[in-house]
1. From the list Asn97, Asn143, which residue is assigned to a strand (DSSP E or B) and polar (S, T, N, Q)?
2. When region 217-249 is examined, which residues are found to be at pLDDT below 95, among the β-branched types (Val, Ile, Thr) and open to solvent by less than 10 Å² (accessible area, probe 1.4 Å)?
3. Within region 125-148, work out how many residues are of a type outside the set (Lys, Arg), under 22 Å from the mean Cα position of the chain (by Cα) and farther than 15 Å from Val39 by Cβ.
4. If you scan region 257-275, which residues turn out to be touching a residue at least 60 places away in the same chain (Cβ under 8 Å) and part of a helix (DSSP H, G or I)?
5. Quick check, is Ser186 closer than 30 Å to Asp287 by Cα, surrounded by 24 or more Cβ atoms within 10 Å (Cβ to Cβ) and hydroxyl-bearing (Ser, Thr, Tyr)?
6. Could you look through region 368-377, keep only residues that are open to solvent by less than 10 Å² (accessible area, probe 1.4 Å) and not β-branched (Val, Ile, Thr), and pick out the one that is modelled with the lowest pLDDT?
7. Got a sec? Which of Ile206, Ile214 is of a type outside the set (Phe, Trp, Tyr), in a helix (DSSP H, G or I), within 30 Å of Val397 (Cβ to Cβ) and open to solvent by less than 30 Å² (accessible area, probe 1.4 Å)?
8. Looking only at region 500-518, decide whether some residue is part of a helix (DSSP H, G or I), at pLDDT 85 or above and of a type in the set (A, V, I, L, M).
Amino acid sequence: MFISLFLASYLVLKIPVESASVGNEAEVESILQRMENSVLAFRDQIENIYTSRCDAETLIACTKRNYNDCSSIYPNQQCMDASEFVDPLCGDGKTCNALWDKTQTAVRIPANLAGGSLDNPTDPQVIQSICYSRLAEPYMIENFKEGHQMYFGSSTGTFRIIPARQSETCGDYDPRYRPWFVAASSGPKDVVLVIDVSGSMLGHGIGLAKEAAITVVGTLSVADRFAVVTFSDEAFQTGGEGGMIRATNENKKQMIDNIRNLQASGGTNFYDAFAKTFDIIDETIKDELTTGCNVAVLFMTDGMLTIGPGQDEVILLVNQRISNLSTNFNQTTTIFTYSLGQDADSYVPKRLACETNGIWTSVDDFTDDLITAMSSYYTLYASGLGQGGNEDWVAWVEPYQFHTGGKMGTSASAPVYDRSVKPPLFLGVATVDMLMDDYEQALGAKASSSTVLDRFVLLSTARCPKIELSQCELEALRYIGGGENSICGVCNDTEYFAIVPKECPNQSDLPSDVWNNTEMQGRSFAERACCEIDTAVPSNACSATHLSTERSSGTNQFVLRTFFGISTVGVLIFL
């Protein structure tokens, strides 16, 4: 059992317990194991219903059967009782609060995916994910009676959650940006972002590089270690020399500030960039600060190598250092290269990836879905997590203060797969939330204590997923992520096409209108959500902070809260 392994490791390490007795460890284990069992059962439910995704009945019955988080009235909505939680945007809970529906799920999609009439999706994969996840609604409704918020974030960017509730802002929530999503899909990892800041990146190039790097940093969790290297004539570690640092929210916020201040100038020295990168990895391992798990190097450039040793020497260096890490430290390192912008020279970055068993991706200048463009690293790890003894992988996030109600909680997440193909196709992440009350009582320590934080750090890093993919499976991932331009030619198309998932044949059955109603479309949060106690409709008598329902551009946005004196990413409607 994973939880038993965690507790055994915890006791061996002798992390101090403030006031808990050893006898309470069994109760702590029981609480955590129940959470893991719950999220794994939810995962199984999603995997089972996915097999019906192409059924005509599933698609036809999806028409006007889903509730939108910003435009729909929910069928059994009620004004929340203050004993459950208070939404300060609507009132103090005595006379006014917010509407919710505990018998219904709500769906969120990012603005860039809602291009149809009445903010309907038009992409077939997005529509399918809404339709097949709707089949999980009875399960989610039944299990929400236990009081745990449940949600499924798909790899296409859709998000289904119970209880149904109006979102404060519309169109800016993409589950794929969230640490709980990436933690569950990739496991603990060491990540080095390598950013080209040479003169050729001036203008839009450096802006795209900053946005891409910030996107990746924002998805990291406390289970991860990371560093940022910038290079032009020479390479430097951003934020000071040394090894990788833990991806706490405070460290992420500081690094994001550093990235925003980057400037472009000078030549382009790939060799020095990779030499610095591997020196940082070596130093982190020798100082015993590594996660001890997979290493991802994300190399971002416009592709124009101008100074230093040539591409042959760079590739030789990278392969030698990867081999050294494997031989000396049993570390698996993967190179992910990104050519930024439509005018980027893709030859050298793609060759780097292909000749080091990595993945190359082209990132368009004005992409409105940057997380998809940058997702190759967690997509590869997610494919490995679905097999090889990793089948019951569960990820935890550090305790945080829920956005409304002020209580402390945490989340357990599990990756979801189509296991009928090999490697299993990553579909998304299932998650169950829990309040920390019972855990605090059993442990005898507050959720805000260092004891609890230390425990969840250990819980998040207690097991390293082993990634084992064949050359053809890797080639299939390249094809899925970037089409034929991204493949390396190591397998013929009949070999990797057999691995690529097939589209549903009955595309004509896809609904063009998935929303049950859009009666709240265009209204402010107050007009949609704020209600008088013991009522079931919005009320003009309840004041609220002015919030816009204008659709965002779909770029990554972070809502920062305070926890442990650390800035934390606001994750969900409660969070």
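1. On the way: Asn143 fails: assigned to a strand (DSSP E or B).
Answer to the selection: Asn97.
2. If the condition is that a residue be at pLDDT below 95, among the β-branched types (Val, Ile, Thr) and open to solvent by less than 10 Å² (accessible area, probe 1.4 Å), then Val217, Thr219, Val222 are the ones that fit.
3. So the answer is 9.
4. Ile259, Phe270, Ala273, Phe274
5. Numbers: closer than 30 Å to Asp287 by Cα: yes; surrounded by 24 or more Cβ atoms within 10 Å (Cβ to Cβ): yes; hydroxyl-bearing (Ser, Thr, Tyr): yes.
Yes: the conditions hold for Ser186.
6. If we take residues in region 368-377 being open to solvent by less than 10 Å² (accessible area, probe 1.4 Å) and not β-branched (Val, Ile, Thr), then Leu370 is modelled with the lowest pLDDT.
7. Numbers: Ile206 fails: within 30 Å of Val397 (Cβ to Cβ).
Just one listed residue meets the conditions, Ile214.
8. no
The values are calculated or read from the model by the stated rules, or taken from the named source; none is laboratory data. Since the structure is predicted, the reported quantities are computational estimates derived from the model, not experimental observations. Don't worry about glycine lacking a Cβ; one is built from the backbone with ideal geometry, like all the others, and counts go over all protein chains shown. Protein only, heavy atoms only, side chains kept; ligands, DNA and RNA dropped before computing areas. Shrake-Rupley method; radii C 1.70, N 1.55, O 1.52, S 1.80 Å.
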